[in-house]
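Quick notes on the structure that follows.
Coordinate-derived values only; no laboratory data. All values reported here derive from a predicted model rather than from experimental measurement. Ideal geometry is used to build each Cβ from the backbone, glycine not excepted, and the neighbour counts take in all protein chains shown.
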Amino acid sequence: MKTLNKFVLALLLSIGASFYNFSSAQQNKQMSLNKQTVNKYMEGFNATDHAKILSCLTEDVIWELPGVYQHQGKAAFDKEIENEAFTGKPIIRLSRLTEENNIVIAEGTVQAKKKDGVVLNIVFCDVFEMKDGLIKKLTSYLMTK
């Protein structure tokens, strides 16, 4: 009887995992290439994976934080991925992705820890201008919570 219960449990877990993978795959198939790129970009930031982030960008990418900075090109973008004032990995949570034509707007929150121990809680609205499924320009609007 115990062997049968273990078998049934293993079967149910297997079915559940297959359903989860199918659901994730279906969701990705329904998502546009531009939104998939923005998701990949956000995953890269959550993992502090420079290669993953940079693979989402055009060579001449522009990243602007109005009134603060404007970086152009992958090398300049790469230098800003890990800001010297912070430690560890940020926690980025997307609450909404909206797309029209080649513009994707991402809204969400970021939690990041500064080297002095202060934890920043930020809300953001990022406007991604896309070209051929890659990020050509990013304008970031940030506000502390």
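Of all aspartates and glutamates in the structure, the ones whose alpha carbon falls short of 20 Å from that of residue 113, not counting any fewer than 8 places away in one chain, are 43, 49, 78, 80, 82, 84. Inter-label distance, residue 75 to residue 115: 2.4 nm, where each label sits 7 Å from its Cα along the C-beta direction. Each label point was placed 7 Å from the Cα along the Cα-to-Cβ direction; for residue 65 and residue 100 their separation is 2.8 nm. For each pair in 114/137; 35/115; 114/145; 115/145, compute the distance between the two Cα atoms and list the pairs where it is over 25 Å. Over 25 Å Cα-Cα: 114/137; 35/115. With both residues required to sit in the range 32-144, DSSP beta bridges show an antiparallel share near 90%.
Using only Cα coordinates, the Kirkwood hydrodynamic radius of the range 32-144 works out to 14.2 Å.
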